[in-house]
There are 2 protein chains.
Amino acid sequence: MIDVSAEKGSSTPLYIQIANSLRRQINEGRIATGDALPSERDLCELTGASRVTIRKAVGQLIEEGLLFRKQGSGTFVSQRIEVPGTYLSGFSDDAHARGQEPGCIWLMKNYANPTVEEAAVLKVPTTSKVARLGRVRLSEGEPLAIEHAIVVASLLPPIEEIGDSLYAALEKSGNRPALGHQKVRASLATPTEAGLLSIGENSEILRIERVTRLADGTIIEFTRSAYRGDRYDFVTELR
Amino acid sequence: MIDVSAEKGSSTPLYIQIANSLRRQINEGRIATGDALPSERDLCELTGASRVTIRKAVGQLIEEGLLFRKQGSGTFVSQRIEVPGTYLSGFSDDAHARGQEPGCIWLMKNYANPTVEEAAVLKVPTTSKVARLGRVRLSEGEPLAIEHAIVVASLLPPIEEIGDSLYAALEKSGNRPALGHQKVRASLATPTEAGLLSIGENSEILRIERVTRLADGTIIEFTRSAYRGDRYDFVTELR
DNA sequence: AAGTGGTCTAGACCACATA
DNA sequence: ATGTGGTCTAGACCACTTC
(Lines give C-alpha, C1' and ligand atoms only; values in the text may rest on other atoms or scores of the structure.)
Protein backbone atom coordinates (compact mmCIF):
# COMPACT_ATOMS: atom_id res chain seq x y z
CA MET A 1 0.00 0.00 0.00
CA ILE A 2 1.08 3.51 -0.75
CA ASP A 3 1.65 5.86 2.10
CA VAL A 4 2.17 9.52 1.55
CA SER A 5 3.69 11.47 4.35
CA ALA A 6 3.27 15.21 4.44
CA GLU A 7 5.06 17.16 7.11
CA LYS A 8 3.09 20.07 8.29
CA GLY A 9 5.77 22.32 9.64
CA SER A 10 7.98 22.10 6.57
CA SER A 11 8.41 25.16 4.41
CA THR A 12 8.60 23.18 1.19
CA PRO A 13 5.32 23.29 -0.71
CA LEU A 14 2.94 20.46 -0.11
CA TYR A 15 2.75 19.46 -3.77
CA ILE A 16 6.53 19.05 -3.89
CA GLN A 17 6.53 16.95 -0.74
CA ILE A 18 3.86 14.74 -2.24
CA ALA A 19 5.68 14.52 -5.56
CA ASN A 20 8.89 13.53 -3.77
CA SER A 21 7.09 10.95 -1.72
CA LEU A 22 5.49 9.41 -4.80
CA ARG A 23 8.76 9.51 -6.76
CA ARG A 24 10.59 7.71 -4.00
CA GLN A 25 8.02 4.98 -3.79
CA ILE A 26 8.01 4.50 -7.54
CA ASN A 27 11.79 4.31 -7.61
CA GLU A 28 11.73 1.81 -4.77
CA GLY A 29 9.40 -0.29 -6.86
CA ARG A 30 6.51 -0.11 -4.41
CA ILE A 31 4.38 0.83 -7.38
CA ALA A 32 5.33 -1.39 -10.28
CA THR A 33 5.97 -0.30 -13.85
CA GLY A 34 2.71 -0.19 -15.77
CA ASP A 35 0.62 -0.19 -12.62
CA ALA A 36 -1.92 2.47 -11.85
CA LEU A 37 -1.43 5.02 -9.12
CA PRO A 38 -4.25 5.39 -6.61
CA SER A 39 -6.86 7.68 -8.14
CA GLU A 40 -6.48 11.39 -7.58
CA ARG A 41 -9.42 11.38 -5.19
CA ASP A 42 -7.90 8.51 -3.22
CA LEU A 43 -4.62 10.40 -3.00
CA CYS A 44 -6.57 13.33 -1.61
CA GLU A 45 -7.80 11.16 1.24
CA LEU A 46 -4.42 9.54 1.80
CA THR A 47 -2.62 12.86 2.03
CA GLY A 48 -5.35 15.15 3.23
CA ALA A 49 -4.54 17.49 0.35
CA SER A 50 -7.02 18.91 -2.12
CA ARG A 51 -7.33 17.58 -5.62
CA VAL A 52 -5.71 20.63 -7.22
CA THR A 53 -2.62 20.01 -5.09
CA ILE A 54 -2.55 16.32 -5.93
CA ARG A 55 -2.83 17.13 -9.62
CA LYS A 56 0.07 19.54 -9.33
CA ALA A 57 2.22 16.90 -7.64
CA VAL A 58 1.32 14.27 -10.22
CA GLY A 59 1.87 16.83 -12.98
CA GLN A 60 5.46 17.24 -11.84
CA LEU A 61 6.15 13.54 -12.18
CA ILE A 62 4.48 13.51 -15.57
CA GLU A 63 6.81 16.26 -16.76
CA GLU A 64 9.68 14.15 -15.53
CA GLY A 65 8.38 11.27 -17.62
CA LEU A 66 7.85 9.05 -14.61
CA LEU A 67 4.08 8.83 -14.97
CA PHE A 68 1.50 9.23 -17.70
CA ARG A 69 -2.24 9.79 -17.60
CA LYS A 70 -5.00 8.02 -19.48
CA GLN A 71 -8.21 9.93 -19.39
CA GLY A 72 -11.08 8.01 -17.89
CA SER A 73 -8.77 5.21 -16.90
CA GLY A 74 -6.06 6.25 -14.49
CA THR A 75 -2.49 7.43 -13.96
CA PHE A 76 0.22 4.87 -14.61
CA VAL A 77 3.91 4.34 -13.98
CA SER A 78 5.99 4.66 -17.16
CA GLN A 79 8.55 2.15 -18.23
CA ARG A 80 12.01 3.00 -17.03
CA ILE A 81 13.78 5.73 -18.89
CA GLU A 82 17.46 6.10 -18.14
CA VAL A 83 18.39 9.77 -18.09
CA PRO A 84 16.11 12.75 -17.56
CA GLY A 85 18.17 14.85 -19.98
CA THR A 86 21.25 16.92 -19.28
CA TYR A 87 19.94 20.28 -20.32
CA LEU A 88 22.11 23.36 -20.41
CA SER A 89 25.11 21.99 -18.65
CA GLY A 90 28.65 23.08 -19.35
CA PHE A 91 31.65 20.98 -20.22
CA SER A 92 32.86 20.62 -16.63
CA ASP A 93 29.47 19.47 -15.37
CA ASP A 94 29.10 17.09 -18.29
CA ALA A 95 32.44 15.49 -17.61
CA HIS A 96 31.69 15.08 -13.92
CA ALA A 97 28.32 13.60 -14.78
CA ARG A 98 30.12 11.01 -16.91
CA GLY A 99 32.44 10.28 -14.02
CA GLN A 100 35.44 11.80 -15.80
CA GLU A 101 37.93 14.38 -14.67
CA PRO A 102 37.75 17.52 -16.78
CA GLY A 103 40.88 19.49 -17.63
CA CYS A 104 41.52 22.76 -19.36
CA ILE A 105 44.28 24.56 -21.25
CA TRP A 106 43.72 28.28 -21.69
CA LEU A 107 44.34 29.65 -25.17
CA MET A 108 43.14 33.15 -24.39
CA LYS A 109 41.44 34.94 -21.54
CA ASN A 110 41.09 38.66 -22.07
CA TYR A 111 38.75 41.54 -22.67
CA ALA A 112 38.14 42.79 -26.19
CA ASN A 113 35.55 44.21 -28.51
CA PRO A 114 33.25 41.79 -30.27
CA THR A 115 33.49 41.23 -34.00
CA VAL A 116 30.57 42.35 -36.09
CA GLU A 117 29.17 38.82 -36.14
CA GLU A 118 29.58 38.36 -32.42
CA ALA A 119 28.01 41.73 -31.66
CA ALA A 120 25.03 40.79 -33.81
CA VAL A 121 24.56 37.49 -32.01
CA LEU A 122 24.96 38.98 -28.55
CA LYS A 123 22.83 41.99 -29.50
CA VAL A 124 25.35 44.47 -28.11
CA PRO A 125 27.22 47.29 -29.90
CA THR A 126 30.63 46.48 -31.40
CA THR A 127 32.09 49.06 -29.02
CA SER A 128 30.99 47.19 -25.90
CA LYS A 129 33.31 45.10 -23.79
CA VAL A 130 33.24 41.35 -23.96
CA ALA A 131 35.35 38.62 -22.41
CA ARG A 132 37.02 36.30 -24.87
CA LEU A 133 37.69 32.88 -23.42
CA GLY A 134 39.49 30.30 -25.52
CA ARG A 135 40.12 26.88 -24.05
CA VAL A 136 41.10 23.38 -24.99
CA ARG A 137 38.94 21.06 -22.95
CA LEU A 138 40.36 17.80 -21.70
CA SER A 139 38.76 14.73 -20.31
CA GLU A 140 40.94 12.24 -18.48
CA GLY A 141 43.92 14.20 -19.74
CA GLU A 142 43.03 13.85 -23.42
CA PRO A 143 41.97 16.83 -25.53
CA LEU A 144 38.32 16.50 -26.41
CA ALA A 145 37.16 19.91 -27.57
CA ILE A 146 38.11 23.50 -28.33
CA GLU A 147 35.80 26.12 -26.91
CA HIS A 148 35.76 29.78 -27.76
CA ALA A 149 33.30 31.73 -25.60
CA ILE A 150 32.34 35.37 -26.00
CA VAL A 151 30.61 36.69 -22.88
CA VAL A 152 29.09 40.08 -22.18
CA ALA A 153 31.66 41.47 -19.73
CA SER A 154 29.18 43.22 -17.47
CA LEU A 155 27.49 39.92 -16.62
CA LEU A 156 30.70 38.19 -15.61
CA PRO A 157 33.01 38.50 -12.59
CA PRO A 158 36.47 39.94 -13.39
CA ILE A 159 38.20 37.40 -15.62
CA GLU A 160 41.03 36.85 -13.17
CA GLU A 161 38.44 35.26 -10.89
CA ILE A 162 37.19 32.84 -13.50
CA GLY A 163 38.22 29.25 -12.93
CA ASP A 164 37.96 26.48 -15.47
CA SER A 165 34.18 26.49 -15.39
CA LEU A 166 32.49 29.44 -17.07
CA TYR A 167 29.08 28.44 -15.78
CA ALA A 168 30.35 28.34 -12.20
CA ALA A 169 31.62 31.91 -12.67
CA LEU A 170 28.28 33.05 -14.10
CA GLU A 171 26.49 31.38 -11.23
CA LYS A 172 28.67 33.25 -8.75
CA SER A 173 27.67 36.61 -10.21
CA GLY A 174 24.00 35.62 -10.10
CA ASN A 175 23.70 35.26 -13.86
CA ARG A 176 22.90 31.63 -14.24
CA PRO A 177 21.91 30.87 -17.84
CA ALA A 178 18.34 29.66 -18.01
CA LEU A 179 17.66 29.34 -21.71
CA GLY A 180 19.77 28.37 -24.63
CA HIS A 181 19.89 27.57 -28.27
CA GLN A 182 22.36 25.28 -29.98
CA LYS A 183 23.33 24.49 -33.52
CA VAL A 184 25.22 21.29 -34.14
CA ARG A 185 27.00 20.64 -37.41
CA ALA A 186 29.34 17.98 -38.76
CA SER A 187 32.56 19.32 -40.17
CA LEU A 188 36.23 18.57 -40.80
CA ALA A 189 39.14 19.60 -38.60
CA THR A 190 41.28 22.50 -39.77
CA PRO A 191 45.05 21.98 -39.42
CA THR A 192 45.12 24.19 -36.31
CA GLU A 193 42.27 22.31 -34.71
CA ALA A 194 43.82 18.97 -35.61
CA GLY A 195 46.98 20.03 -33.81
CA LEU A 196 45.21 21.20 -30.68
CA LEU A 197 43.12 18.06 -30.50
CA SER A 198 45.86 15.62 -31.46
CA ILE A 199 43.98 14.19 -34.38
CA GLY A 200 44.61 14.03 -38.11
CA GLU A 201 43.72 16.83 -40.50
CA ASN A 202 40.29 16.45 -42.03
CA SER A 203 39.15 14.24 -39.19
CA GLU A 204 35.48 14.49 -38.29
CA ILE A 205 34.56 17.37 -35.98
CA LEU A 206 31.27 18.20 -34.28
CA ARG A 207 30.85 21.97 -34.29
CA ILE A 208 28.49 23.44 -31.74
CA GLU A 209 27.33 27.03 -31.59
CA ARG A 210 25.55 27.91 -28.41
CA VAL A 211 23.79 31.08 -27.36
CA THR A 212 22.56 31.24 -23.77
CA ARG A 213 20.28 33.71 -22.03
CA LEU A 214 19.04 34.69 -18.62
CA ALA A 215 15.47 33.88 -17.71
CA ASP A 216 14.40 37.33 -18.93
CA GLY A 217 15.92 36.68 -22.35
CA THR A 218 19.08 38.78 -22.00
CA ILE A 219 21.84 37.16 -24.03
CA ILE A 220 24.88 36.24 -21.97
CA GLU A 221 27.16 34.10 -23.99
CA PHE A 222 28.01 33.00 -27.51
CA THR A 223 30.22 29.94 -27.64
CA ARG A 224 31.67 28.14 -30.62
CA SER A 225 33.07 24.70 -29.93
CA ALA A 226 34.78 22.00 -31.92
CA TYR A 227 34.44 18.51 -30.48
CA ARG A 228 36.36 15.46 -31.62
CA GLY A 229 33.87 13.50 -33.70
CA ASP A 230 35.41 10.17 -32.76
CA ARG A 231 34.99 10.72 -29.05
CA TYR A 232 31.93 12.82 -28.54
CA ASP A 233 28.25 12.01 -28.92
CA PHE A 234 25.79 14.81 -28.52
CA VAL A 235 22.71 13.47 -26.74
CA THR A 236 19.27 15.07 -26.51
CA GLU A 237 15.96 14.09 -25.07
CA LEU A 238 12.85 14.79 -27.13
CA ARG A 239 9.33 15.48 -26.05
CA MET B 1 -5.13 47.90 -23.68
CA ILE B 2 -5.34 44.17 -23.58
CA ASP B 3 -8.61 42.51 -24.39
CA VAL B 4 -9.18 38.87 -23.81
CA SER B 5 -12.06 37.28 -25.58
CA ALA B 6 -13.43 34.03 -24.31
CA GLU B 7 -16.14 32.32 -26.27
CA LYS B 8 -18.60 30.61 -24.07
CA GLY B 9 -20.01 28.01 -26.36
CA SER B 10 -16.65 26.75 -27.55
CA SER B 11 -15.57 23.26 -26.55
CA THR B 12 -11.90 24.21 -26.24
CA PRO B 13 -10.91 24.71 -22.61
CA LEU B 14 -11.04 28.23 -21.29
CA TYR B 15 -7.39 28.29 -20.28
CA ILE B 16 -6.33 27.41 -23.82
CA GLN B 17 -8.56 30.11 -25.28
CA ILE B 18 -7.02 32.63 -22.93
CA ALA B 19 -3.50 31.42 -23.66
CA ASN B 20 -4.16 31.72 -27.39
CA SER B 21 -5.58 35.17 -26.99
CA LEU B 22 -2.58 36.33 -24.97
CA ARG B 23 -0.12 34.71 -27.36
CA ARG B 24 -1.68 36.43 -30.32
CA GLN B 25 -1.54 39.83 -28.69
CA ILE B 26 2.08 39.36 -27.67
CA ASN B 27 3.02 38.28 -31.18
CA GLU B 28 1.19 41.26 -32.60
CA GLY B 29 3.30 43.44 -30.32
CA ARG B 30 0.34 44.80 -28.36
CA ILE B 31 2.32 43.92 -25.26
CA ALA B 32 5.92 44.95 -25.82
CA THR B 33 9.00 42.89 -25.06
CA GLY B 34 10.04 43.37 -21.45
CA ASP B 35 6.67 44.79 -20.46
CA ALA B 36 4.58 43.35 -17.71
CA LEU B 37 1.35 41.52 -18.37
CA PRO B 38 -1.69 42.70 -16.43
CA SER B 39 -1.58 41.08 -13.03
CA GLU B 40 -3.23 37.71 -12.62
CA ARG B 41 -6.05 39.25 -10.63
CA ASP B 42 -6.61 41.86 -13.33
CA LEU B 43 -6.71 39.14 -15.95
CA CYS B 44 -9.38 37.43 -13.85
CA GLU B 45 -11.56 40.51 -14.11
CA LEU B 46 -10.80 41.04 -17.79
CA THR B 47 -11.71 37.49 -18.70
CA GLY B 48 -14.16 36.58 -15.99
CA ALA B 49 -12.11 33.47 -15.28
CA SER B 50 -10.82 32.37 -11.92
CA ARG B 51 -7.21 32.81 -10.90
CA VAL B 52 -6.40 29.11 -11.18
CA THR B 53 -7.51 29.20 -14.80
CA ILE B 54 -5.52 32.35 -15.52
CA ARG B 55 -2.43 30.79 -13.96
CA LYS B 56 -2.85 27.72 -16.12
CA ALA B 57 -3.10 29.84 -19.25
CA VAL B 58 -0.06 31.91 -18.30
CA GLY B 59 1.78 28.72 -17.35
CA GLN B 60 1.35 27.47 -20.90
CA LEU B 61 3.01 30.55 -22.34
CA ILE B 62 5.82 30.29 -19.80
CA GLU B 63 6.52 26.74 -20.90
CA GLU B 64 6.66 28.06 -24.45
CA GLY B 65 9.25 30.59 -23.31
CA LEU B 66 7.08 33.54 -24.28
CA LEU B 67 6.68 34.86 -20.74
CA PHE B 68 8.55 34.64 -17.47
CA ARG B 69 7.46 35.34 -13.90
CA LYS B 70 9.19 37.38 -11.24
CA GLN B 71 7.79 36.69 -7.83
CA GLY B 72 6.42 39.72 -6.12
CA SER B 73 6.90 41.80 -9.23
CA GLY B 74 4.91 40.56 -12.18
CA THR B 75 4.80 38.48 -15.33
CA PHE B 76 6.80 39.80 -18.26
CA VAL B 77 7.17 39.26 -21.98
CA SER B 78 10.44 37.55 -22.88
CA GLN B 79 12.74 38.91 -25.50
CA ARG B 80 12.12 37.43 -28.90
CA ILE B 81 13.22 33.89 -29.32
CA GLU B 82 12.96 32.63 -32.85
CA VAL B 83 11.70 29.07 -32.75
CA PRO B 84 9.92 27.43 -29.86
CA GLY B 85 11.86 24.22 -30.48
CA THR B 86 11.09 21.61 -33.12
CA TYR B 87 10.85 18.70 -30.78
CA LEU B 88 10.25 15.22 -32.03
CA SER B 89 9.29 16.10 -35.55
CA GLY B 90 10.07 13.93 -38.52
CA PHE B 91 11.92 14.83 -41.68
CA SER B 92 8.77 15.68 -43.64
CA ASP B 93 7.47 18.02 -40.94
CA ASP B 94 10.88 19.64 -40.56
CA ALA B 95 11.12 20.34 -44.27
CA HIS B 96 7.63 21.81 -44.39
CA ALA B 97 8.44 23.94 -41.36
CA ARG B 98 11.42 25.32 -43.27
CA GLY B 99 9.18 26.00 -46.23
CA GLN B 100 10.82 23.34 -48.37
CA GLU B 101 9.34 20.52 -50.35
CA PRO B 102 10.43 17.13 -48.99
CA GLY B 103 11.06 14.21 -51.31
CA CYS B 104 11.83 10.57 -50.79
CA ILE B 105 13.46 7.66 -52.60
CA TRP B 106 12.76 4.27 -51.09
CA LEU B 107 15.73 1.96 -50.67
CA MET B 108 13.86 -0.74 -48.83
CA LYS B 109 10.44 -1.24 -47.35
CA ASN B 110 9.84 -4.70 -46.01
CA TYR B 111 9.30 -6.88 -42.97
CA ALA B 112 12.20 -8.69 -41.37
CA ASN B 113 13.66 -9.83 -38.09
CA PRO B 114 15.75 -7.35 -36.14
CA THR B 115 19.47 -7.79 -35.78
CA VAL B 116 20.77 -8.50 -32.30
CA GLU B 117 21.65 -4.83 -31.81
CA GLU B 118 18.27 -3.62 -33.09
CA ALA B 119 16.41 -6.12 -30.92
CA ALA B 120 18.33 -4.90 -27.89
CA VAL B 121 17.51 -1.29 -28.61
CA LEU B 122 13.84 -1.94 -29.33
CA LYS B 123 13.62 -4.36 -26.39
CA VAL B 124 11.91 -7.04 -28.46
CA PRO B 125 13.02 -10.64 -29.18
CA THR B 126 15.13 -11.23 -32.31
CA THR B 127 12.32 -13.47 -33.53
CA SER B 128 9.76 -10.68 -33.59
CA LYS B 129 8.63 -8.91 -36.73
CA VAL B 130 9.86 -5.42 -37.52
CA ALA B 131 9.44 -3.12 -40.50
CA ARG B 132 12.65 -2.04 -42.14
CA LEU B 133 12.32 1.29 -43.90
CA GLY B 134 15.28 2.67 -45.82
CA ARG B 135 14.93 6.02 -47.54
CA VAL B 136 16.96 8.75 -49.14
CA ARG B 137 15.43 12.02 -48.05
CA LEU B 138 15.33 14.93 -50.44
CA SER B 139 14.71 18.57 -49.95
CA GLU B 140 13.95 20.71 -52.96
CA GLY B 141 14.97 17.73 -55.08
CA GLU B 142 18.43 17.42 -53.60
CA PRO B 143 19.46 14.44 -51.44
CA LEU B 144 19.97 15.59 -47.86
CA ALA B 145 19.93 12.48 -45.73
CA ILE B 146 19.73 8.71 -45.60
CA GLU B 147 17.33 7.28 -43.06
CA HIS B 148 17.08 3.70 -41.95
CA ALA B 149 14.18 3.10 -39.59
CA ILE B 150 13.39 -0.10 -37.71
CA VAL B 151 9.84 -0.09 -36.39
CA VAL B 152 8.01 -2.65 -34.26
CA ALA B 153 5.62 -4.08 -36.85
CA SER B 154 2.67 -4.46 -34.51
CA LEU B 155 2.55 -0.71 -33.90
CA LEU B 156 2.51 0.23 -37.57
CA PRO B 157 -0.15 0.03 -40.27
CA PRO B 158 0.63 -2.51 -43.05
CA ILE B 159 3.71 -1.18 -44.86
CA GLU B 160 1.88 -0.89 -48.17
CA GLU B 161 -0.16 1.87 -46.56
CA ILE B 162 2.86 3.86 -45.44
CA GLY B 163 3.48 7.04 -47.39
CA ASP B 164 6.65 9.08 -47.30
CA SER B 165 6.08 10.17 -43.71
CA LEU B 166 6.61 7.51 -41.07
CA TYR B 167 5.24 9.71 -38.34
CA ALA B 168 2.04 10.31 -40.27
CA ALA B 169 1.63 6.52 -40.55
CA LEU B 170 2.22 6.04 -36.83
CA GLU B 171 -0.25 8.81 -36.10
CA LYS B 172 -2.86 7.03 -38.22
CA SER B 173 -2.58 3.86 -36.15
CA GLY B 174 -2.87 5.87 -32.95
CA ASN B 175 0.76 5.37 -32.00
CA ARG B 176 2.09 8.89 -32.04
CA PRO B 177 5.58 9.00 -30.56
CA ALA B 178 5.65 11.11 -27.42
CA LEU B 179 9.17 10.71 -26.08
CA GLY B 180 12.50 10.26 -27.72
CA HIS B 181 16.20 10.13 -27.31
CA GLN B 182 18.80 11.14 -29.88
CA LYS B 183 22.52 10.76 -30.28
CA VAL B 184 24.26 13.04 -32.75
CA ARG B 185 27.77 12.33 -33.95
CA ALA B 186 30.11 13.79 -36.54
CA SER B 187 31.46 11.28 -38.99
CA LEU B 188 32.73 10.77 -42.53
CA ALA B 189 30.72 9.51 -45.49
CA THR B 190 31.26 5.92 -46.57
CA PRO B 191 31.55 5.42 -50.34
CA THR B 192 27.97 4.09 -50.50
CA GLU B 193 26.63 7.06 -48.57
CA ALA B 194 28.64 9.48 -50.67
CA GLY B 195 27.05 8.02 -53.77
CA LEU B 196 23.49 8.20 -52.44
CA LEU B 197 23.95 11.78 -51.25
CA SER B 198 25.93 13.01 -54.29
CA ILE B 199 28.88 14.15 -52.22
CA GLY B 200 32.54 13.21 -52.11
CA GLU B 201 33.91 10.28 -50.15
CA ASN B 202 35.05 11.25 -46.66
CA SER B 203 32.84 14.32 -46.70
CA GLU B 204 31.46 15.34 -43.33
CA ILE B 205 28.33 13.54 -42.20
CA LEU B 206 26.05 14.13 -39.22
CA ARG B 207 24.91 10.76 -37.88
CA ILE B 208 21.78 10.69 -35.79
CA GLU B 209 20.45 7.72 -33.86
CA ARG B 210 16.96 8.17 -32.59
CA VAL B 211 14.81 5.99 -30.35
CA THR B 212 11.20 7.04 -29.88
CA ARG B 213 8.54 5.84 -27.49
CA LEU B 214 4.85 6.09 -26.79
CA ALA B 215 3.72 8.09 -23.79
CA ASP B 216 3.76 4.91 -21.69
CA GLY B 217 7.39 4.26 -22.58
CA THR B 218 6.88 1.48 -25.13
CA ILE B 219 9.65 1.70 -27.72
CA ILE B 220 8.35 2.17 -31.25
CA GLU B 221 11.18 3.03 -33.53
CA PHE B 222 14.96 2.97 -33.87
CA THR B 223 16.22 5.16 -36.68
CA ARG B 224 19.76 5.69 -37.88
CA SER B 225 20.27 8.63 -40.20
CA ALA B 226 23.16 10.18 -42.09
CA TYR B 227 22.75 13.86 -42.91
CA ARG B 228 24.95 15.85 -45.22
CA GLY B 229 27.19 17.89 -42.95
CA ASP B 230 27.47 20.76 -45.40
CA ARG B 231 23.72 21.26 -45.60
CA TYR B 232 22.24 20.31 -42.30
CA ASP B 233 22.40 22.04 -38.91
CA PHE B 234 20.89 20.24 -36.00
CA VAL B 235 19.21 22.79 -33.76
CA THR B 236 18.10 22.32 -30.16
CA GLU B 237 16.63 24.51 -27.50
CA LEU B 238 17.99 24.23 -23.98
CA ARG B 239 16.30 24.85 -20.68
C1' DA C 1 -23.65 3.14 -13.71
C1' DA C 2 -19.54 3.99 -11.52
C1' DG C 3 -14.97 5.56 -11.59
C1' DT C 4 -11.36 8.21 -13.76
C1' DG C 5 -8.96 12.26 -15.35
C1' DG C 6 -10.00 17.33 -17.31
C1' DT C 7 -11.66 21.67 -16.26
C1' DC C 8 -13.31 25.42 -13.40
C1' DT C 9 -14.76 28.49 -9.43
C1' DA C 10 -14.41 31.73 -5.35
C1' DG C 11 -12.36 32.28 -2.00
C1' DA C 12 -7.86 32.29 1.37
C1' DC C 13 -3.16 33.00 3.32
C1' DC C 14 1.82 33.40 2.47
C1' DA C 15 6.43 35.27 0.77
C1' DC C 16 8.46 38.56 -1.88
C1' DA C 17 9.22 43.12 -4.34
C1' DT C 18 8.70 47.95 -4.68
C1' DA C 19 7.90 52.31 -3.17
C1' DA D 1 1.66 49.45 2.82
C1' DT D 2 0.32 47.71 -1.30
C1' DG D 3 0.54 44.71 -5.06
C1' DT D 4 2.52 40.67 -7.07
C1' DG D 5 3.15 35.82 -7.78
C1' DG D 6 3.06 31.03 -4.98
C1' DT D 7 0.32 27.87 -2.67
C1' DC D 8 -3.87 25.72 -1.09
C1' DT D 9 -8.85 24.38 -0.20
C1' DA D 10 -13.61 22.32 -0.94
C1' DG D 11 -16.44 21.95 -3.72
C1' DA D 12 -18.60 21.36 -8.85
C1' DC D 13 -19.57 19.65 -13.59
C1' DC D 14 -17.92 17.40 -17.82
C1' DA D 15 -15.93 13.72 -21.03
C1' DC D 16 -14.13 9.48 -21.28
C1' DT D 17 -13.32 4.50 -20.00
C1' DT D 18 -14.69 0.38 -18.05
C1' DC D 19 -17.81 -2.88 -16.52
With all protein chains present, chain B has a carbon and sulfur share of its accessible area (1.4 Å probe) in percent of 50 percent
Distances in nm between the label point of A:Pro13 (7 Å along Cα→Cβ) and its equivalents in the other copies, shortest first, are 1.6
Out of B:Leu43, B:Leu196, B:Leu107, a Gaussian network model of chain B with alpha-carbon springs under 10 Å gives the largest mean-square fluctuation to B:Leu43
Ignoring ligands and nucleic acids, chains B and A bury, in total, an accessible area (1.4 Å probe) to the nearest 100 Å² of about 3700 Å²
For the axis mapping A onto B, the chain A residue whose beta carbon sits nearest, plus its rounded distance in angstrom, comes out as A:Ala186, 2
Taking the label point 7 Å from Cα along the Cα-Cβ vector, the copy-to-copy distances for A:Gln71, listed from shortest in nm with one decimal, are 3.4
One finds the C-alpha centres of segment B:167-235 and segment A:140-156 to be spaced, in Å, by 29 Å
For A:Lys70, the lysines lying under 23 Å Cα to Cα, once residues fewer than eight places off in the same chain are dropped, come out as A:Lys56, B:Lys56, B:Lys172
Losing no less than 50 Å² of accessible area (probe 1.4 Å) relative to the isolated chain, the residues of segment A:200-239 are A:Glu204, A:Arg213, A:Asp216, A:Asp233, A:Phe234, A:Thr236, A:Leu238, A:Arg239
Listed by chain and number, the lysines with an alpha carbon less than 16 angstrom from that of B:Lys109, same-chain partners under 8 positions apart left out, are B:Lys129
Under 19 Å by backbone N from the virtual spin label 7 Å along Cα-to-Cβ at A:Glu140, the residues of segment A:178-197 are A:197
Expected max-MSF residue from B:Ile208, B:Ile26, B:Ile105 in the GNM of chain B (alpha carbon, under 10 Å) is B:Ile26
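Quickly estimate the mean residue ellipticity at 222 nm for the protein assembly as shown, helices only: each DSSP H run with n ≥ 4 gives -39500 (n - 2.57), and the total goes over all residues, rounded to 500.
Working: 14 runs with 126 residues, N = 478.
Here the helix-only value at 222 nm equals -7500 deg cm²/dmol.
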From most to least accessible, 1.4 Å probe, no ligand or DNA/RNA atoms counted, A:Phe76, A:Phe222 line up as A:Phe76, A:Phe222
Taking placed amide H atoms and a strict 5 Å upper bound, the residues 5 or more places from A:Lys123 or on another chain that come that close are none
Computed about the Cα centre, the charge dipole of chain A from +1 Lys/Arg and -1 Asp/Glu charges at the Cβ has a magnitude in debye, to the nearest 20, of 720 debye
The relative contact order of segment B:14-77, taking Cα pairs under 8 Å that sit 6 or more residues apart, comes to a percentage of 41 percent
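Kindly report the accessible area of the protein assembly as shown per residue (heavy atoms of protein chains, probe 1.4 Å, no ligands, DNA or RNA), in Å². Spell out each step's value before the answer.
Numbers: 23320 Å² over 478 residues.
Dividing the accessible area of the protein assembly as shown by its residue count gives 49 Å².
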Output row for B:Gln25: copy-to-copy label distances, label 7 Å along Cα→C-beta, ascending, in nanometres, one decimal, is 4.3
Mean-square fluctuation maximum in Gaussian network of chain A, Cα pairs under 10 Å, restricted to A:Gln25, A:Gln100, A:Gln71, hits A:Gln71
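Expressed as a rounded percentage, what relative contact order does chain B have, with Cα pairs under 8 Å and six or more residues apart?
13 percent
The values are calculated or read from the model by the stated rules, or taken from the named source; none is laboratory data. Fair warning: this is a prediction, and the values are worked out from it, not measured in the lab. Because the Cβ atoms are built from the backbone with ideal geometry, glycine has one as well, and the counts that use them run over all protein chains shown. To get the accessible areas, we keep the full protein, side chains included, count just its heavy atoms, and leave off ligands, DNA and RNA. Shrake-Rupley method; radii C 1.70, N 1.55, O 1.52, S 1.80 Å.
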